[in-house]
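Got a structure for you, questions after.
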Amino acid sequence: MVEGAKSVREVLGSDFEVLEVYVAPDFMEKHHYILNTVTAEVTEVRPSELTGLSEYSTNDSALAVVRMKSNQKKEINGDGFVLMLDDLRDPGNFGTIIRTADWYGIHSIIASEETADVYNSKVIQSSMGSFTRVSVFYTDIEACLAENAMPVFGAFLDGENAHTVKYGNNGIIVIGNEANGISKGVEKFVTRRITIPKYGHAESLNAAIATAVICDNIRRG
């Protein structure tokens, strides 16, 4: 289920298979040129009906029923940077990380099998359409890292200053669980421990915020 005007527009222009679309009159009028090109069944409904169908009461514009993609293996070929999520559980964080990856031109995320479901409605909602451009592959990330030859940057509370690290042209950026950080099994594959320097007194940073800071420093380099 994809909800909201922006996310529905994004998915209609993507390579996802859209099965059904329910739209309010305003959305139909503004985006008829897109709706006329899709093979999905398009139904115009009242905004109040959309609100009733949607998980989010603020959605009175559009809703799409979309087929999930199969879990397609991502080959790590040394071309650019890849995000790796080690047991990231919060759907809102996950969606924001997808959106952040899209902003910084990172097209692939490799996720542990315990990481939140990419098709969870909160992930879709908080990604703001970026789920259509960033691929997510679930796998045994320890086995994946064992076959990898690229640098592996792990986010820890202790390590090299993330502002001054030389990231080079490629690598894997590992973001750990919100409460426990990077697991011991994954930690042994990390070749560069990095940390975002702290100037105040907060115990830790939100995982999505930390991802954004690290991605920004990668692109600055």
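I need a count of the residues in region 181-217 that are small (Gly, Ala, Ser), surrounded by fewer than 17 Cβ atoms within 10 Å (Cβ to Cβ) and farther than 17 Å from Ile110 by Cβ. If you could, list the steps in order and put the result at the bottom.
Quick first cut of region 181-217, residues small (Gly, Ala, Ser) only: 181, 183, 185, 200, 202, 204, 207-208, 210, 212.
The next check asks that each one be surrounded by fewer than 17 Cβ atoms within 10 Å (Cβ to Cβ); those that pass are 185, 200, 202, 204.
Adding the requirement that they be farther than 17 Å from Ile110 by Cβ leaves 200, 202, 204.
Qualifying residue count, region 181-217: 3.
When you check Asp79 against the structure, is it at pLDDT 95 or above and acidic (Asp, Glu), yes or no?
Details: at pLDDT 95 or above: no; acidic (Asp, Glu): yes.
No; evaluated as a whole, the condition is false for this residue.
If you take the residues in region 27-60 that are more than 21 Å from Phe131 (Cβ to Cβ) and in contact with a Ser or Thr (Cβ under 7 Å, 6 or more places away or on another chain), which one is surrounded by the fewest Cβ atoms within 10 Å (Cβ to Cβ)?
Top of the filtered list is Ser57.
A further question on this structure: Look at region 1-41 and say how many of its residues are of a type outside the set (D, E, K, R) and more than 12 Å from Ala62 (Cα to Cα). Explain how you work it out, then say what you get.
First, pick out the residues of region 1-41 that are of a type outside the set (D, E, K, R): 1-2, 4-5, 7-8, 11-14, 16, 18-19, 21-25, 27-28, 31-40.
Those still in the list that are more than 12 Å from Ala62 (Cα to Cα) too: 13-14, 16, 18-19, 32-34, 36-40.
Number of matching residues: 13.
I'd like to check something: does region 70-91 contain any residue that is part of a strand (DSSP E or B), surrounded by fewer than 13 Cβ atoms within 10 Å (Cβ to Cβ) and not assigned by TED's automatic domain parsing to the domain that holds Ser121?
Our first condition is that a residue be part of a strand (DSSP E or B); within region 70-91, this holds for 81-85.
Those left that are additionally surrounded by fewer than 13 Cβ atoms within 10 Å (Cβ to Cβ): none.
The answer is no; no qualifying residue exists.
Let me ask something additional. Within region 2-32, take every residue that is over 23 Å from the mean Cα position of the chain (by Cα) and among the aromatic types (Phe, Trp, Tyr) and give me the one that is farthest from Tyr119 (Cα to Cα).
Phe27
Let me ask something additional. What are the residues in region 154-211 that are free of Cβ contacts under 8 Å to residues at least 12 places away in the same chain and either acidic (Asp, Glu) or not assigned by TED's automatic domain parsing to the domain that holds Asp90 (or both), if any?
So the first thing to find is which residues in region 154-211 are free of Cβ contacts under 8 Å to residues at least 12 places away in the same chain, and the list is 164, 179, 184, 188, 198-203, 205, 209.
Within region 154-211, just Glu203 meets the criteria.
Within the set of pairs 6+ apart or on separate chains, which have a first residue in region 20-36 that is farther than 22 Å from Met68 by Cβ, a second that is surrounded by fewer than 12 Cβ atoms within 10 Å (Cβ to Cβ) and not β-branched (Val, Ile, Thr), and C-beta atoms under 9 Å apart?
Cβ pairs passing all conditions: Ala24/Arg46; Pro25/Arg46.
The values are calculated or read from the model by the stated rules, or taken from the named source; none is laboratory data. This structure is a prediction, so every number in the text was calculated from the model and none was measured. Note that each Cβ is placed from the backbone with ideal geometry, even for glycine, and that neighbours are counted across all protein chains shown.
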